[in-house]
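Everything on this sheet refers to the single structure shown next.
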Amino acid sequence: MSNLLAARTQMALSLGFHIVFAEIGIAMPLMMVLAEWRWRRTGDDTYRQLAQGWAKGTAILFAVGAVSGTVLSFELGLLWPRFMQFAGPIVGLPFSLEGFAFFTEAIFLGVYLYGWTKISPRAHLAAGAIVAVSGAASAIFVIMVNAWMNTPTGLTMSGGQIVRIDPIAGALNPSTLQQALHMLLAAYAATGLAVAGIHAGMLLKKSAAPFHRAALTLALVVGAPAAILQPLSGDLSARTVALWQPIKLAALEGQFDTERGAPLRIGGWPDVAAEHTRYAIEIPRGLSLLAFHDPDAEVRGLQAFDRDVWPPVLPVHFGFQIMVGLGTIMAVVSIWALVTLVRKREITGRALLRALAVVTPFGYIATEAGWTVTEVGRQPWTVQGVLRTADAVTPMPGLVVPMVVFALVYLGLAAIVVVLIRAMVRETA
Amino acid sequence: MMAAFATIGLPEVIAGLIVLALNGYVLTGGADYGGGVWDLLATGPRRDEQQDLIASSIAPVWEANHVWLIVAVVLFFTAFPAAFSAVGIVLHIPLAIMLLGVVLRGSAFVFRSYGSGTRVARRRWGLTFAVASAITPFVLGVAIGTVASGAAANAFGHVGDRSFVDVFVSPWLDWFPIAVGALTLALFAFLAAVYLAIAATADALREDFRRRALLSAIAVFLFAALTLATAWRGAPQIMNGVVESPWALVLQLATGAAAITAIVALWTRRFALARFAAAAQVSLILWGWALAQFPFIVPPTLSIRATAAPDVTLTLLLIGVAVGAAVLIPSLRYLFRLALSQSDHAPP
Ligand code: HDD
Ligand code: HEM
Ligand code: HEM
C-alpha cells in the first residue's frame, strides 16, 4: 500500500468513525431536551425516565465523539501537514470558532449531566438547549472548512503561491450554505430515525410499553421532518455541485459523454475502460432537468476533462446511488409515520413499526455514502483545483502502521459502544 | 533577546494566547491525567475510596478540560501554519502515541462510569484508563521536549536526506525529551494530588492525598533536576534562555518560591494555599519554557514571526478568541461551581 493510500484510508476511517458520533452529538441533545421539557410540562414520569436514559446514552457517545474528534484535529497535521500549512490561515478561523463551540457544548453537557438536582429546572433545561445549539453550531463551522475545500474562494494565487487571502470570503464560499443545511438535516434524520427504529423494534416485541411509545413519538418528531426535507436539500447540493464541480457531478451520475438533455441514471455500472455506464434505468432528460432546471441543458461528461483529474468513478457513483436510494426510502417511511401520527395520535400497525425498525441504520449508511461522494468525488484534489492530495500528504514513510493501529482501535471502540448501548436499551425495557 | 521584546506585535500576542491555552490545559486537563495516575497507584486500606474520589472529581469536568488542548492546537495551526506543519511531520510518532492515549483514556473512563458491566469489566476499564492516563502526558512532554531541544527543527531540515530513524525517531528518543516527559507526568500527578486533598471530605482520605502530594513534589524536584542536567548537552539553547536572559532569574526565583510555598503549605495542612502555590509553580514552569525559546516556536530555526499567518488571519483570530472568551469564562466558572457544590437543589 502506498503512503498516500494509507494516509487517505486512515483519514477516511477516522472521519467515517467520527461522523456517526458527531451526528448523534448534534441530534441526541435536542431529543433529550424535548423529553425533559415534556416531563416538566406534563409531569408524566415516563418522560423523565426518557430524558435521563437518553442523557446517559449521550454521555457515552459524546465522549467517543470527543476523543475521535481530538484525533482528527491532530491528524490534519500528522497526515496532511502541507494542506494545513497551505490552508491553515484561511480555514483556521472557522476551526477556531468550532473550538469555542466545543467548549460551550462540553461545559453545558457537564452541567446537564451532573446538575439534575443541583440547579433549578429552568436552568437545567437551558443547559440542555445550549448543548443542542452549540452542537449544531460546531457542525456548521467544520462544514465551512469542507465546503471551502470543495469550492475554494477568498484566495488570490500567482505562480502557485498565495498572494492574498480573505478568510471571511473563504468561510462563506458557494457551498457552505447547502452543505451545512444538508449535514444538519442528515444528523437529525439519521439519529431521529435510528432512535425511532430501536424503540419501534422494542414495541414489536412488547406493544404495551408506554416508555417506548413516548420515545418513538419524540424521536419521530425530530427525525421525520428532517428526512422528508432531505431530498429537497440534496437537490440544492446537487445543483451547486453541477455549477462548481462538474467533474464530480459527471462521476456521481456516471455521465461519460457531454450531451444536451442528459438522462438521470438509476443504478447502473460505470465501465470506466469503455467510458460508458451500463445497465442503468435512464429517465430521459432527468439529469439536465434536476441539475440545471432545464430539460435541454448541456451536461459535461467525464470525457470533457483530462483523465488525470477524474476521481475514482465507481465509489462516487455507487455512493450517490446508495444515498439517494436510502434517502428516498427514509422520506417515504417518514411521511407514512407522520401521517399516522397526525391521524391516530400514535404509531400503530405492525407494518409501520416493522418499516421503522428496518430503516434504523439507513441514515448513517446514507451519511457515509454521501461523504464518499463529496470527498472521493473531489479527488485528485484536496482543495479543488488548487492543491492535490498527493502534494498534501506527509513525507513520513510507513503510514500503513498507524493506519492499521487506528483501524483496530476504532473497530474495538465501535464493538464496545454497540454492546454498551444495547445493554442500556435492554435495561430500560 | 531584549531587542526581540521590543517587537511585540500580533504574532507574539497570539503565541502568548497559545501558551495561555496550554496553561489552562495543564491546570485542568493535566490534573485529570494526574488523577488517572493516582488511580493506577491507589493502595492501602482506602483504595476504593481513593478511586471513587478520583472518578467523581473528574467526571463532570474532564471533557470541558480537554477542550483546552484542542483550542491550543487550532490556534497553533491557524496562526503558525508552517511551524505546525513541521511539528506534524517530525513528531508524527510520539503525537500518534499520545492520540492513542487520549482515545483510550477518554473512552475507558466513560465505559467504566456508565457501563453496566461486571466488577471485573469495570476493573479492566479502570486499568486501561489509569495506564493511558500515565502514558499520554509523558508522551506530550516528550514531544514538547523535542521541540524545545532544537532537535525537531533540526530533523525537519533533513526530511528526505537522512534515514527514517535519524529524522523520525532519534530526535525524541533522547535523554532530554524523556526527562521532560517524566517531569510533565510528575507535575500532573502533583497537581492532581493537591486538588484531591482538597476535594476529599474524610480526614483519612485527605491525608492519603496529602502524602501523595508531598511525594510527588519530591518527584517533581528530581525530574526538574534531571531535565536541567540533560539540557546542558541536549538543549543548549534552552539552557541559555533559562540561565542568561534578564528575566530568567526572576522567573527561577518565583518558581522556587512557589514550590517551597506549596510544600510548606502541604506540610502545615493549609490546602487552599497549597493549591494556589502548586498551580503557580506549574504555570511558571510552562511560561519559563515558552520564554526560554522566545522568539522561536520551533527553535532554533522557525521563529514566531517567520511562520506567522498573514495579518488578516491573526486579526480575525484575535477577535474570535475575544468573543469566545467572553462566553467561555463565565460558563467555565458556572461548571466548576456546580461540580464543587455538594448541596442538592430540591427536585420539584
Ligand atoms: C441522512 C443522510 C443523507 C440523506 C438521506 C441524503 N444525503 Fe446527500 N449527503 C449526506 C447525507 C445524506 C452527507 C451528510 O453525507 C453529505 C456529505 C457532504 C455533505 O454536505 O452532506 C451529502 C452530500 C450530498 C451531495 C454532495 C455535495 C457536495 O459534494 O458538495 C449531493 C449532491 C447530495 N448529498 C444529494 C442528495 C440527494 C439528492 C438526496 C436525496 C434523497 C440525499 N442527498 C439524501
Ligand atoms: C476534519 C474534520 C473534523 C475535525 C478536525 C473535528 C474535530 C472535533 C473535535 C476536536 C471534537 C471534540 C470536541 C470536544 O472535546 O468536545 C469534535 C466533536 C464533535 N464534532 Fe467533529 N470534527 C470534524 C468533523 C466533524 C463533522 C463533519 C461534523 C459535523 C457533523 C462534526 C461535528 C462534531 C460534533 C457535533 C462534536 C461534538 C461531540 C459529539 O457530539 O460527539 N465534526 N470534533
Ligand atoms: C465527518 C464527515 C467526513 C467524512 C466521512 C469524510 C470522508 C473522507 C474520505 C472518505 C476521505 C478520503 C478521500 C480519498 O482520499 O479518496 C477524506 C479525505 C479528507 N477529508 Fe474528509 N470527510 C468528512 C469531513 C471532512 C471535513 C469537515 C473536513 C475539513 C475539515 C475534511 C477534510 C479532509 C481532508 C483534509 C482529507 C484528506 C485529503 C483528501 O483526500 O482530499 N473532511 N474525507
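Consider segment B:26-50 and keep the residues that are in contact (Cβ under 8 Å) with a residue 12 or more places away in the chain and among the acidic types (D, E). The one that is nearest to the other protein chains (Cβ to nearest Cβ) is B:D32. Among residues of segment B:66-88 that are touching a residue at least 60 places away in the same chain (Cβ under 8 Å) and facing another protein chain (nearest Cβ under 7 Å), none has a beta-carbon under 6 Å from a residue that is of a type in the set (D, E) and outside any helix (DSSP H, G or I) at least six positions away or on a different chain.
Checked against (1) within 22 Å of A:V67 (Cα to Cα); (2) away from every other protein chain (no Cβ under 13 Å), A:P152 passes all but condition (1). Exactly one residue among A:V111, A:V91 is more than 16 Å from ligand 1 (Cβ to nearest atom), among the β-branched types (V, I, T) and in contact (Cβ under 8 Å) with a residue 12 or more places away in the chain, and that residue is A:V111. Here B:M2 passes the criteria (1) surrounded by fewer than 24 Cβ atoms within 10 Å (Cβ to Cβ); (2) at pLDDT 90 or above; (3) aliphatic (A, V, I, L, M) except the one numbered (2). Can you list residue pairs whose Cβ atoms sit under 9 Å apart, with the first residue in segment A:317-328 being within 14 Å of A:Y364 (Cβ to Cβ) and the second being not in a helix (DSSP H, G or I)? Count only pairs 6 or more apart in sequence or on different chains. Final answer for the pair search is A:G319/A:G377. Among the residues examined, B:L10 qualifies as surrounded by fewer than 24 Cβ atoms within 10 Å (Cβ to Cβ) and within 14 Å of another protein chain (Cβ to nearest Cβ). With the condition kept exactly as written, say whether any residue in segment A:102-110 is within 18 Å of the chain's Cα centre (by Cα) and either surrounded by fewer than 22 Cβ atoms within 10 Å (Cβ to Cβ) or within 15 Å of ligand 3 (Cβ to nearest atom) (or both). Yes.
Comparison of B:A278, B:A309, B:A290 shows that the only residue that is more than 24 Å from the chain's Cα centre (by Cα), among the small types (G, A, S) and either within 30 Å of B:L214 (Cβ to Cβ) or surrounded by 18 or more Cβ atoms within 10 Å (Cβ to Cβ) (or both) is B:A309. The residues of segment B:163-182 that are in a helix (DSSP H, G or I) and buried (at least 24 other Cβ atoms within 10 Å of the Cβ), listed by number, are B:F176, B:P177, B:A179, B:V180, B:G181.
Figure legend. Inter-residue proximity from segment B:331-348: first residues farther than 12 Å from B:V61 by Cβ and more than 7 Å from chain A (Cβ to nearest Cβ), second residues loosely packed, with under 13 Cβ neighbours inside 10 Å and at pLDDT 50 or above, beta-carbon distance below 9 Å, spacing 6+ or different chains. Indicated pairs: B:Q342/B:T201; B:A346/A:T117.
Looking for something farther than 21 Å from A:I140 by Cβ, within 11 Å of another protein chain (Cβ to nearest Cβ) and more than 18 Å from the chain's Cα centre (by Cα) - is there at least one such residue anywhere in segment A:26-42? Yes: segment A:26-42 contains one or more residues that are farther than 21 Å from A:I140 by Cβ, within 11 Å of another protein chain (Cβ to nearest Cβ) and more than 18 Å from the chain's Cα centre (by Cα). Screening the candidates B:A278, B:A325, B:A292 for the property of being modelled with pLDDT of 90 or more and more than 9 Å from chain A (Cβ to nearest Cβ) yields one hit, B:A278.
Just one of (1) buried (at least 24 other Cβ atoms within 10 Å of the Cβ); (2) facing chain A (nearest Cβ under 9 Å) fails for B:L53. It is (2).
Any chance segment A:130-137 includes a residue that's in contact with an Asp or Glu (Cβ under 6 Å, 6 or more places away or on another chain), within 9 Å of chain B (Cβ to nearest Cβ) and more than 22 Å from B:A79 (Cα to Cα)? For segment A:130-137, residues in contact with an Asp or Glu (Cβ under 6 Å, 6 or more places away or on another chain), within 9 Å of chain B (Cβ to nearest Cβ) and more than 22 Å from B:A79 (Cα to Cα): absent. Report yes if A:G159 is over 30 Å from A:P402 (Cβ atoms) and touching a Leu at 6+ places or on another chain (Cβ under 6 Å), otherwise no. So A:G159 does not fit the description; no. Contact annotation: no residue pair with Cβ atoms under 7 Å, 6 or more positions apart or on different chains, pairs a residue in segment B:96-107 that is facing chain A (nearest Cβ under 8 Å) and surrounded by fewer than 22 Cβ atoms within 10 Å (Cβ to Cβ) with a partner that is at pLDDT 95 or above and not in a helix (DSSP H, G or I).
Quick one: in segment A:212-258, which of the residues that are away from ligand 1 (no atom under 11 Å from the Cβ), under 19 Å from A:W310 (Cβ atoms) and of a type outside the set (D, E) is nearest to the other protein chains (Cβ to nearest Cβ)? Selected residue: A:I247. Inside segment A:397-420, can you point out the residues that are surrounded by 16 or more Cβ atoms within 10 Å (Cβ to Cβ), of a type in the set (V, I, T) and closer than 18 Å to B:F111 by Cα? Of everything in segment A:397-420, those that are surrounded by 16 or more Cβ atoms within 10 Å (Cβ to Cβ), of a type in the set (V, I, T) and closer than 18 Å to B:F111 by Cα turn out to be A:V409, A:I416, A:V417. On the stretch given as segment A:21-76, residues that are closer than 17 Å to A:A194 by Cα, in contact with a Ser or Thr (Cβ under 8 Å, 6 or more places away or on another chain) and not aliphatic (A, V, I, L, M) total 5. Among the residues of segment A:385-410, those that are more than 10 Å from chain B (Cβ to nearest Cβ) and more than 16 Å from ligand 2 (Cβ to nearest atom) comprise A:G385, A:V386, A:R388, A:A390, A:D391, A:V400, A:M403, A:V404, A:A407, A:L408.
Just one of the numbered conditions (1) within 16 Å of ligand 2 (Cβ to nearest atom); (2) touching a Phe, Trp or Tyr at 6+ places or on another chain (Cβ under 9 Å); (3) over 29 Å from A:A224 (Cα atoms); (4) not acidic (D, E) is not true of A:T176: (3). Checking A:S68, A:S73 one by one, the residue that is under 23 Å from B:V102 (Cβ atoms), within 13 Å of ligand 2 (Cβ to nearest atom) and surrounded by 24 or more Cβ atoms within 10 Å (Cβ to Cβ) is A:S68 and no other. Quickly run through segment A:218-268 and pick out the residues that are within 16 Å of ligand 2 (Cβ to nearest atom) and either within 12 Å of A:L287 (Cα to Cα) or among the hydroxyl-bearing types (S, T, Y) (or both). If the condition is that a residue be within 16 Å of ligand 2 (Cβ to nearest atom) and either within 12 Å of A:L287 (Cα to Cα) or among the hydroxyl-bearing types (S, T, Y) (or both), then A:S233, A:S237 are the ones that fit. Being more than 15 Å from A:A129 (Cβ to Cβ), of a type in the set (G, A, S) and more than 7 Å from chain B (Cβ to nearest Cβ) is the filter here; which residues of segment A:74-117 pass it? Within segment A:74-117, A:A87 is the sole residue that qualifies.
The values are calculated or read from the model by the stated rules, or taken from the named source; none is laboratory data. From a predicted model like this one, the values you see are computed outputs, not experimental measurements. Cβ coordinates were reconstructed from backbone atoms using ideal geometry, including for glycine residues, and neighbour counts include every protein chain displayed.
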